[in-house]
1. Within the range B:202-214, track down each residue that is among the acidic types (D, E) and not in a loop (DSSP other than H, G, I, E, B).
2. Which residues, counting only those in the range B:416-426, are in contact (Cβ under 8 Å) with a residue 24 or more places away in the chain and either more than 14 Å from every other protein chain (Cβ to nearest Cβ) or not hydroxyl-bearing (S, T, Y) (or both)?
3. Among (1) touching a His at 6+ places or on another chain (Cβ under 9 Å); (2) more than 13 Å from chain A (Cβ to nearest Cβ); (3) at negative phi, there is one condition B:M365 misses while meeting the rest; what is its number?
4. If I go through the range B:463-489 residue by residue, how many of them are more than 10 Å from chain A (Cβ to nearest Cβ) and surrounded by fewer than 21 Cβ atoms within 10 Å (Cβ to Cβ)?
5. Taking A:A237 as the residue in question, decide whether it is at pLDDT 90 or above, touching a Lys or Arg at 6+ places or on another chain (Cβ under 6 Å) and at the interface with chain B (Cβ under 10 Å from one of its Cβ atoms).
6. Show the residue pairs meeting these rules: Cβ distance below 7 Å; 6+ apart or different chains; first residue within the range B:346-359 and facing chain A (nearest Cβ under 7 Å) and closer than 17 Å to A:R198 by Cβ; second residue among the basic types (K, R) and not in a loop (DSSP other than H, G, I, E, B).
7. From the list B:A370, B:A374, which residue is hydrophobic (A, V, I, L, M, F, W, C), touching a Pro at 6+ places or on another chain (Cβ under 9 Å), closer than 30 Å to A:R107 by Cβ and assigned by TED's automatic domain parsing to the domain that holds B:L520?
8. Kindly provide the set of residues from the range B:396-415 that are surrounded by fewer than 22 Cβ atoms within 10 Å (Cβ to Cβ) and either at the interface with chain A (Cβ under 10 Å from one of its Cβ atoms) or of a type outside the set (K, R) (or both), ordered by number.
Amino acid sequence: MAGRQRTNFLKLGVSNILPVQTLNFLHLDTTKKKRENQYAMDNTNSLCAAEAGQNFVDWFYTQLNSAKPISSAYTTNNEPYKSFSSPLPSSSSPTVGIKSDICLNGRVISSPEELETQLSSSKQFPKCPADKTVRYAVESFDTTVVNGDYRVACPENLLEIHGKDDGVRMMISLNVSGTVYYGVDKLPKENNESYVVRKHFNDHFLLVPNWDVIGRQNKNKNFVGRRYIIASHIHRAFDD
Amino acid sequence: MAPPTGPRGGNANRLSTRSTTAPRAGGISKRRNAVRTDRDGDVSMNGPAGGNAPTGPGGRGRGGRGRGPRSGGRSRLVQNIRDHIETKAIIKIHGLKNSKAAGNKDGGLRGLLDFLERKTAKEKTIVLSRGIIDGDWVWIKVKKEDAPIILRLNGFTYAGAPLTIQETTEIMPTPTAIVSREAAETKAKLLTVLANRYNAEQKVLDLSALGTDPILGNLGTFDSQSLAQKSFKALVHLVGSQYTDPEEKRAAIPAVSLARNDITDVEQVYSLATSLPKLLRLDLTGNKLDNLSKISKWKDQFRYLQELHLTGNPVTAQPNYLAEILSWFPSLQILDGQQVRTPAEAAENFKSYMPQPIPEYPSNMRDGEANVAASFLTSFFDYYDRDRSALVSQFYDFESSFTLISKENTARDKSWKAYSQYSRNIQKLGPRNRQTPERVYTGSKKIAEIWNSLPATRHPILAEAVTWIVDCHTFPGIADPNNPSQFAMGLVINVNGSFEEADTTQNLFGVRKFSRNFILGPSLPGAPYPYRVISDHYTVYGWKPYPPGTVVAPIAPPATVTTTAPAIAPVTTEISPGAARVDDVTKTQMIQELSRITGMTAEYSQLCLSGAADWNWEMALKSFEETKAALPANAFIAA
């Protein structure tokens, strides 16, 4: 069992995420490497979650800062989650579709598209020069694995391939905080401090696997796509 | 050995090869076989005379700069030091300023040195290299043995002025020191100009008609256009640098007048926008701005400018003058003495130029019917302050994980010392850092250990909704330890707030801000509560000491040893998160939402919310359910 899992982990699970060096030492069989190997095995979920968090944070805030769409990153718009139908523990009737839960500064947002509208309405300043936009500067983030055995909407074949310690079928809790500047294109310098409204922001995401992309990357590791998408997003920006 | 050297046209004859760049008349001597010299033109005694022909243009083909003989291998630094302590004498000469030569390009310096060389030539060939003019004095450096010869010239008349020559032990000034001293003098003069022109009563900086200013005139500022621009820049820069705090600057200089300065393009005075970006009133009356494009460089600047005067500029006759100016300065209310916007219009217009922050709403708690989040948080922070070990044993088990981020991740600042050793900021560490997985602390024992090493805290009570922001909701997909094949509902709670902190090891007392995120899920059989903490993430940032004079009740350190785990009484009192923070916008939103959910009219929705519920969403829904049957038909929106 363990042998099979490890093969899978090497072949499929981590190869897309972990750096080549890591994989190299996983293959080598010297005593020292063995120890590191063990260490890496124990922390596969944690390592993969950190890597996934970094990728997500890099992508998400780049999109926000350049006013590009983010709605595709929510489960609401993801096919396996959209068509998922199963009775949830708390309700008796089957629920169709797993929607992302989005809460923007204390207000529940019905859809990712609505979120985009809300975010861009804060940027609708037609007369403002294009470079004086909203900028999120991430100062810290952190990930933890909430559930290494995530199964919601998971296709049968992936459930077989990826074990619960392979760092793939994970629900990840991601905390991001930093500063958001309303009114500049870059971090404020002394001279344009006058146009900046600063707020501290705190974002919490629950990330879940993007089954489609993971499936396709198993077949073709060069396939480009986000491996994790947003099941829950809580945003707060307030005065520091 | 001395390196091969470049050409030195007749450098054997030192007298005739001055280090000046222009060829000088007279003194051309017969070219002889060059004595071999090193790269500084010093004679190398043992080289074969004339044996090395010049080999192309060398970088320093200016031999004979008159430095004393020195051996080839010694470093320049050593030589300089030797000059000072052993062989060189410093001589001060007065009188050049009064001579006719003072009007020469170099202030007559070269002429004076030539004069001295000529007069001493009979006795000894002395080469005088660089001299420095500093005010009324000329400074030169000569070999010690040559000093008496030059001093003998004291009292000679040079170009109609008597010379005073004296040896001194003072340190010869360097060229840069002279420049910076001159700059300081200019700065002082410019500051005087500013002081004269600042009206402290009306808070107006009057930079009008700078061309007629006597001090600036003496400085020669307006001789040329570029010099005038530079001095304006210097003036404006000085204004900006007088205040370190931008708010203070804004309050001190709300108005500037640049009237009657012959400005043809605002580019000439552009720096005003960067030095005083929050200017409220600007007077450009009587300048020579003839085209809107001459002002357009200032658009997107001066967003707070309320009053602008351009009267007397040709540009005011342009057809689209008013419209363009209005669109460039969003807050403008008065143009050339005419009101063009009301203050309210200006404020509204200003908004459209600036991205606006997302509106903030109070806590959003969707934690199901049992109010799990409210009761959990109330217990949590109460016990976190008092007894962390007991808290861990209540809500955490061997699978719970805890992570911490200290925003200032430097142990050098002691207000962060207690936290930074645990900090897991992946943005800083990087996902592949060994510490990234190591700093996920799993298991109640480890978590309690870390918590007990953190400073003592005191959180405000949760009912004081002003200081807390709590958002939470349930979500599917948590592993159910009791039924591995199923998944259960989890609860995510995001808390933002602050607490008082007593760090007794560093003797620091103050207030710290934090964000804390909990993921709650079903607990194992036999646990004190049906739910447990699966993931606890803690971000601390923004520490501030208490303001001076604050009287603070001492914070008791949390108990570190718990003999018996005290049962936490189930929290029955319902807290009403956010009740104190409901503003009108939120109320409107709540009314609409309630109306949408219940089908009641806005009027009845408002009644329902503002009644016993007191703008508590859960309470309002509850009271609606209770009174639904009794409501009249007109309470609902007709289908």
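The values are calculated or read from the model by the stated rules, or taken from the named source; none is laboratory data. Just so you know, these numbers come straight off a predicted model, no measurement behind them. With ideal geometry, Cβ positions are generated from the backbone for all residues, glycine too; neighbour counts draw on all protein chains shown.
1. B:D206
2. Residues satisfying the conditions are B:W416, B:K417, B:A418.
3. Against the list (1) touching a His at 6+ places or on another chain (Cβ under 9 Å); (2) more than 13 Å from chain A (Cβ to nearest Cβ); (3) at negative phi, B:M365 comes up short only on (2).
4. Residues flagged as more than 10 Å from chain A (Cβ to nearest Cβ) and surrounded by fewer than 21 Cβ atoms within 10 Å (Cβ to Cβ) within the range B:463-489 amount to 7.
5. Yes: the conditions hold for A:A237.
6. Hits for this filter: B:P357/A:K199.
7. B:A374
8. B:D397, B:F398, B:E399, B:E408, B:N409, B:T410, B:A411, B:D413, B:S415
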